[in-house]
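J.: First the structure, then my questions, so here it is.
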Amino acid sequence: MFSVLGKLQWFFKEQWKKYTVAIFLLCVANLLAIIPPLLVGKTIDAIHQNNMTTSFLMEQVIYLAVTIILSYIASFGWQYYLFSGANELERQFRSHLMRKFLHMTPTFYEKNRTGDLMARATNDLSAVAETAGFGILTLADSTLYLLTIIVTMCVMVSWKLTLAAVLPLPLLAIAMKILGKLIHERYMKAQKSFGDLNDGVLEAVEGVRVVRAYVQEREMEEQFATMTEDVYQKNMRVKRVEALFNPLTKIVTTLSYMIGLGYGAFLVANGEMTVGGLVMFNVYLGMIVWPMFAIGELINVMQMGNASLDRVQETLEAKEAVVDPIDATILERPDEIQFKGLKFQYPQSHSANLQDINVHIRRGETLGIVGKTGSGKTTFIKQLLREYPKGDGELQLGQASIEAQTKAQVRDWIGYVPQSHVLFSRTVRENILFGKPDATEQQLQEAIRMADFDKDLKRLPEGIQTLVGEKGVALSGGQKQRISIARALIRDPEILILDDSLSAVDAKTEARIIANIRQVRADKTTLIVTHRLSAVQHADHIIVLEDGYVTEEGTHEQLLQEKGWYKEQYDRQQIEGVE
């Protein structure tokens with residue numbers, strides 16, 4: 001149960017000053033809490049023995065007032081330091097998770113669903129933070145506070161009565177151990193179910209247009225209701241076990257009260273205790289209720305925290321598929337790109353996705369990459385982005401292998417416009433500047449011009465300050481593509497990669513964008529993946545991919561003379577263009 005504290009020892013060592021002060025003040029507050037019953041007991045005895053005087057009463061009132069003030073100060077202090085420590089733990093874990101999410105490659109997201117990752121970053125983190133805050137409180141109260149009260153009862157009242165009153169406690173400890181194991185098992189299942197629900201909601205929201213188009217609203221509602229019911233039932237199984245804690249605690253507390261009152265009355269009758277002592281003892285018994293409740297809460301919090309921490313740690317300890325070399329090669333710029341007999345296969349694939357790729361691209365050249373759907377065009381591009389471990393063969397940037405260079409260096413050279421355009425829920429300006437936050441106004445306007453987006457800006461409600469909506473919902477497909485292109489161009493990258501990024505624009509707009517890129521990027525490398533062959537007619541070199549192999553290569557004119565797939569596709573597109 002307490003293994004979660006061992007797993008968090010690195011944090012407690014880091015924040016030891018804060019937790020030392022918190023626990024010290026908590027102990028002070030607990031010690032101050034035992035003073036009021038002592039004062040009440042003395043006052044009752046003074047009244048019972050006819051020894052009450054005005055000075056004695058005033059003295060007790062002053063003691064009580066000072067105790068309350070000091071207790072308030074101590075309580076404020078321990079709560080501030082203890083729960084600020086818990087908040088700091090949650091902040092650190094949240095930052096670590098975000099850093100992990102940003103650095104992980106596609107293989108990680110192929111194994112982990114978004115909904116489950118969100119559950120770990122929210123519910124599970126809250127449970128871990130509660131362990132570092134409320135968990136430490138219940139641990140201190142169920143041990144130090146309980147022990148302090150019991151010792152006080154033994155020394156200040158009667159050890160016989162105290163021993164008799166605490167006899168039921170071992171029964172509670174045994175029951176708590178059994179229930180704690182059940183909570184851990186059921187809570188893990190409930191959190192997994194919550195992750196499934198998150199994933200379902202994300203898919204429904206992202207695909208809401210498709211759902212409406214196919215009139216599947218009712219079906220989605222039923223699926224959501226089923227998942228919600230599953231989450232509800234699994235959480236109810238956890239709550240049913242949790243609900244047993246309080247009744248058990250009340251039963252044990254009631255037994256202690258019965259023993260305290262019965263045996264205490266007997267001791268008073270025999271003159272072994274005073275009436276004030278019996279009242280004091282019963283007040284202390286009442287104070288024991290919270291520490292006994294705290295035992296149940298402690299097991300509950302620790303078990304949930306342990307289960308959640310395991311889930312969070314599992315994510316944080318996930319290994320990156322692509323790691324940087326220890327002694328990285330530093331290059332000023334990539335003068336060339338060379339694929340030498342490269343073979344690549346996705347981890348989940350049963351056959352090679354690229355085979356025997358041999359391509360040489362010099363700085364300043366444009367490479368066109370065409371082929372059928374699923375032929376390996378995007379896979380070819382991803383080799384440069386280092387999203388997956390390099391396969392067999394060689395891939396060089398400059399005069400060094402891509403594996404000998406850091407991911408940051410390689411990606412800093414690249415401006416990438418993917419097939420699926422990701423826009424943030426910000427303004428057009430902010431989305432473009434995401435590529436280069438420190439860009440000047442002149443660079444911004446130049447990127448917009450090169451992407452042929454300047455005319456569209458005039459038609460937008462707020463111009464460049466227009467909010468694009470979530471994932472660019474307020475824009476057309478062509479507008480989203482051109483904002484993505486402008487975002488890549490503003491970086492003025494050494495290598496520009498357009499992965500089928502002109503499919504949503506008309507032929508004239510495509511021609512203007514290509515012309516702008518050719519003019520401005522004459523000394524930079526450009527790779528264009530496309531289905532529309534007009535986008536690569538100007539390329540210095542074109543390769544045709546089929547089933548992962550390069551089946552044709554050459555310039556536009558050379559490929560037309562070969563009368564292969566490229567020639568056939570070009571003729572078909574020319575006819576469709578005329579029509």
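The values are calculated or read from the model by the stated rules, or taken from the named source; none is laboratory data. Keep in mind the model is a prediction, meaning the values are calculated, not measured. No Cβ is skipped: glycine too gets one built from the backbone with ideal geometry, and neighbour counts run over all protein chains shown.
J.: Tell me whether the range 270-292 contains one or more residues that are buried (at least 22 other Cβ atoms within 10 Å of the Cβ), more than 25 Å from Trp159 (Cα to Cα) and modelled with pLDDT of 80 or more.
T.: no
J.: Ok, one more. Considering only the range 15-31, I want to know if a residue exists there that is in a helix (DSSP H, G or I), modelled with pLDDT under 90, farther than 26 Å from Val128 by Cβ and assigned by TED's automatic domain parsing to the domain that holds Trp290.
T.: Yes: the range 15-31 contains one or more residues that are in a helix (DSSP H, G or I), modelled with pLDDT under 90, farther than 26 Å from Val128 by Cβ and assigned by TED's automatic domain parsing to the domain that holds Trp290.
J.: Looking at (1) over 13 Å from Lys372 (Cα atoms); (2) over 40 Å from the mean Cα position of the chain (by Cα); (3) outside any loop (DSSP other than H, G, I, E, B), which is the only condition Ile543 fails?
T.: Single failed check for Ile543: (1).
J.: Given the structure, is Glu387 assigned to a strand (DSSP E or B) and among the acidic types (Asp, Glu)?
T.: No; evaluated as a whole, the condition is false for this residue.
J.: What do you reckon, is Val151 touching a Leu at 6+ places or on another chain (Cβ under 8 Å), of a type in the set (Val, Ile, Thr), at pLDDT 85 or above and not assigned by TED's automatic domain parsing to the domain that holds Tyr346?
T.: no
J.: Can you list residue pairs whose Cβ atoms sit under 7 Å apart, with the first residue in the range 299-328 being closer than 30 Å to Tyr388 by Cβ and the second being of a type in the set (Ser, Thr, Tyr) and assigned to a helix (DSSP H, G or I)? Count only pairs 6 or more apart in sequence or on different chains.
T.: Sorted first by the residue in the range 299-328, then by its partner, the pairs are Ala321/Thr107.
J.: Just to be sure, is Arg482 surrounded by 19 or more Cβ atoms within 10 Å (Cβ to Cβ), among the basic types (Lys, Arg) and under 34 Å from the mean Cα position of the chain (by Cα)?
T.: When the stated conditions are applied, Arg482 passes them.
J.: Name the single residue that is surrounded by the fewest Cβ atoms within 10 Å (Cβ to Cβ) among those in the range 546-568 being aromatic (Phe, Trp, Tyr) and either in contact with a Pro (Cβ under 8 Å, 6 or more places away or on another chain) or not in a strand (DSSP E or B) (or both).
T.: Trp565
J.: Exactly one of these conditions fails for Ser193: (1) of a type in the set (Ser, Thr, Tyr); (2) farther than 21 Å from Met302 by Cα; (3) at pLDDT 80 or above. Give me its number.
T.: The single condition Ser193 does not satisfy is (2).
J.: Do we find that Lys42 is modelled with pLDDT under 90 and under 35 Å from the mean Cα position of the chain (by Cα) in this structure?
T.: Against the criterion (modelled with pLDDT under 90 and under 35 Å from the mean Cα position of the chain (by Cα)), Lys42 does not qualify.
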